[in-house]
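Student: Please read through the structure below; I'll follow up with questions.
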Amino acid sequence: MKTFNKEDILVLANELQFTLNDNEIKNIEKEFEVLLVQLQLMNEIDTSDTKKMVYPFDAPIAYLRTDKSDHVLSVEDALKNAPKTKDGYVIVPKVVK
Amino acid sequence: MDANKSIERLHQIQQQTNACITIFEKPVQHKKEGKLSNWSVAIKDNFVMKDVLTTAGSTILSNYIGVYDATVLTKLADEGVSYVAKTALDELGMGGSGLTCFTGPTKNPLDLKRQAGGSSSGSAAVMAANAVDLALGSDTGDSVRKPASYCGVVGVKPTYGRISRYGVIPYASSLDHVGYFTHNVMDSVKALEVMAGFDLKDPTTLIQQLPAISNVITGDLKGKKIAIFKNVIDHIDKVETKQLFEQVIDACKQQGALVSEVVMDEKLLKTMLPTYYILANCEATANHANLVGINFGLAQDGEDIYDIMKKSRTHGFNEMIRRRFVIGSFGLKDENQEELYVKAQKIRRLLVDQLSKALADVDVLIAPASSDVAPLLESDDADRLSNKHLISENHMVLGNFSGFPSMTIPMGNINSLPIGLNINAKAMDEQTMFDVALGLEKVINYKKVKGEV
């Protein structure tokens with residue numbers, strides 16, 4: 001059975017690029033306890049001969065669109081929501097100082 | 001309805017319900033003539049609209065201005081609708097209460113002490129307040145059909161891929177559907193006839209065309225094969241809900257419908273919710289990896305890009321979202337993937353097989369959409385391991401696993417609050433679903449509740 005401790009949570013949060021306070025970590029641990037019981041229900045189901053279902057319909061889309069550009073976002077639009085821009089680029093803090 | 005009156009009404013209810021994120025200064029109408037001219041439409045705020053704030057209910061997108069139109073918005077605009085507002089939702093569509101939007105909780109106009117349901121909370125609320133003719137929503141677990149139940153309106157989730165999702169901010173791509181609310185079944189048919197269709201910009205849209213339905217269906221229940229989802233009924237403890245449902249069944253029989261019962265594998269049904277939880281959170285954590293505050297979104301200052309991302313994401317997502325991302329990310333870890341994510345994908349197939357079998361010899365499968373009326377705002381979390389919670393409260397997720405069409409219509413009122421009836425049909429067979437819904441709507445003859453605002 002899976003386990004999940006504070007360290008695991010902190011590693012995941014770091015990978016996910018956010019932080020969690022102690023209270024938030026406790027809440028995740030609580031949530032996980034419920035999930036573990038629910039997962040037990042899933043483990044009781046025999047899926048040894050079952051293929052996974054990724055999307056609702058196994059209907060492959062078989063078309064090729066014409067080879068020309070379509071719904072292109074202009075540079076102006078692409079940068080419209082960026083916090084800082086200059087000369088068509090998004091500005092971030094210097095990497096090499 | 002008149003779009004200016006619609007805007008006036010939205011302003012009237014906004015302070016008490018908090019249903020909208022943006023109410024337009026004036027109606028946005030691109031074309032005067034069309035199949036839906038004179039329709040006033042509200043849009044869940046996870047549909048991207050050009051030059052309009054599009055937040056998905058999240059702080060991290062609270063300053064995001066759309067730079068293009070979602071396909072479905074263009075389709076409706078081409079048929080003459082007037083857009084009047086963007087509505088509140090649970091953050092990123094991830095919730096069922098309508099309480100987690102960055103602008104605060106949505107309150108149910110029929111009883112301001114209660115939830116409107118979620119995640120399409122604002123869209124359901126503006127419908128309940130009779131402020132618009134059509135409200136767009138999205139449905140990943142039951143995010144249109146459950147609020148429809150709580151707000152006494154029609155809520156539709158068509159077949160997966162029937163309506164393009166281009167321009168809809170995703171939650172879990174294998175489960176996400178565009179859905180919508182209307183005041184009656186015929187309106188929901190007319191709306192789908194406009195919104196449906198293949199879209200090159202969304203490769204998951206269906207190539208199969210929606211047939212013309214509005215001039216074909218009659219609502220005649222005679223000979224219609226209606227199956228009752230027995231497991232759902234068995235775990236409902238609210239007597240009034242069962243009574244309303246029984247009245248519907250009796251009326252169906254009187255109209256000549258052939259009513260039967262379906263019992264699905266109970267052990268399997270108990271896995272619906274954890275399966276959903278795993279799939280949805282795993283997909284969501286991947287889908288929202290792009291919300292970092294660098295190229296768009298609400299950025300926080302930082303020393304380097306990692307610092308900016310970390311601060312922006314910590315500030316930009318509420319605790320519940322970060323919790324779900326952690327659990328989703330846990331399920332996607334190499335060492336856990338087989339046991340969690342892949343296991344859930346396999347159980348999904350078994351559940352869909354059950355639903356397919358249940359529908360094989362009947363036209364529709366029906367059950368109450370919720371076991372009770374809208375919960376109070378401060379309602380405690382339900383017992384999340386009870387059969388009522390695992391089965392009766394969350395059965396509509398089968399429609400998302402399968403992609404089969406599923407809708408809610410009002411079933412009646414309990415102490416002056418509405419509760420809905422859920423109707424499910426076979427894949428691509430919206431026509432039968434609507435035909436039976438039209439018949440049920442006639443026999444139920446629902447009396448709308450007069451709201452508090």
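Student: Tally time: how many residues in region A:47-63 are exposed (fewer than 11 other Cβ atoms within 10 Å of the Cβ) and at pLDDT 95 or above?
Tutor: Selection size over region A:47-63: 3.
Student: While we're looking at this one, here's another question. Kindly establish whether B:Leu112 is surrounded by fewer than 24 Cβ atoms within 10 Å (Cβ to Cβ) and in contact with an Asp or Glu (Cβ under 9 Å, 6 or more places away or on another chain).
Tutor: When the stated conditions are applied, B:Leu112 passes them.
Student: Continuing with this model, one more query. For A:Asn81, all conditions in the list (1) polar (S, T, N, Q); (2) at pLDDT 90 or above; (3) closer than 27 Å to B:Gln208 by Cα hold save one; what is the number of the exception?
Tutor: Answer for A:Asn81: the failing condition is (3).
Student: Would you tally the residues in region B:408-453 being of a type in the set (A, V, I, L, M), farther than 22 Å from B:Asp353 by Cβ and at pLDDT 95 or above?
Tutor: Total satisfying the criteria: 12.
Student: Does A:Val54 satisfy the condition of being over 21 Å from the mean Cα position of the chain (by Cα), β-branched (Val, Ile, Thr), at the interface with another protein chain (Cβ under 9 Å from one of its Cβ atoms) and within 30 Å of B:Asp202 (Cα to Cα)? It would help to see each step written out before you state the result.
Tutor: On the way: over 21 Å from the mean Cα position of the chain (by Cα): no; β-branched (Val, Ile, Thr): yes; at the interface with another protein chain (Cβ under 9 Å from one of its Cβ atoms): yes; within 30 Å of B:Asp202 (Cα to Cα): yes.
For A:Val54, the condition - over 21 Å from the mean Cα position of the chain (by Cα), β-branched (Val, Ile, Thr), at the interface with another protein chain (Cβ under 9 Å from one of its Cβ atoms) and within 30 Å of B:Asp202 (Cα to Cα) - is not met.
Student: How many residues are within 16 Å of B:Pro274 (Cα to Cα), more than 8 Å from chain B (Cβ to nearest Cβ), not in a helix (DSSP H, G or I) and not acidic (Asp, Glu) if we restrict to region A:21-51?
Tutor: Looking only at that region, the number is 0.
Student: What number of residues in region B:67-123 are closer than 27 Å to B:Val189 by Cα and among the basic types (Lys, Arg)?
Tutor: Count: 2.
Student: Right, next: Evaluate region A:64-72: report whether one residue or more is surrounded by 11 or more Cβ atoms within 10 Å (Cβ to Cβ), under 26 Å from the mean Cα position of the chain (by Cα) and at the interface with another protein chain (Cβ under 7 Å from one of its Cβ atoms).
Tutor: No - not one qualifying residue is present in region A:64-72.
Student: Also, quick follow-up: Here's a check for you: in region B:211-250, which residue that is of a type in the set (Asp, Glu) and part of a loop (DSSP other than H, G, I, E, B) is surrounded by the most Cβ atoms within 10 Å (Cβ to Cβ)?
Tutor: B:Asp220
Student: Over 19 Å from B:Phe24 (Cα atoms) and surrounded by fewer than 24 Cβ atoms within 10 Å (Cβ to Cβ): which single residue out of B:Lys157, B:Lys146, B:Lys75, B:Lys107 fits that description?
Tutor: B:Lys75
Student: If you don't mind, another one. Take A:Ala82 and tell me if it is within 7 Å of chain B (Cβ to nearest Cβ), without any contact (Cβ under 8 Å) to a residue 60 or more places away in the chain, part of a helix (DSSP H, G or I) and surrounded by 11 or more Cβ atoms within 10 Å (Cβ to Cβ).
Tutor: Taking the combined requirement at face value, the residue does not satisfy it.
Student: Every residue in region A:1-20 that is of a type in the set (S, T, N, Q) and at the interface with chain B (Cβ under 7 Å from one of its Cβ atoms), please.
Tutor: A:Gln17, A:Thr19
The values are calculated or read from the model by the stated rules, or taken from the named source; none is laboratory data. Because the structure is predicted, anything quoted here is derived from the model rather than measured. Neighbour counts are summed over all protein chains in view; Cβ atoms, including those assigned to glycine, are modelled from backbone coordinates with ideal geometry.
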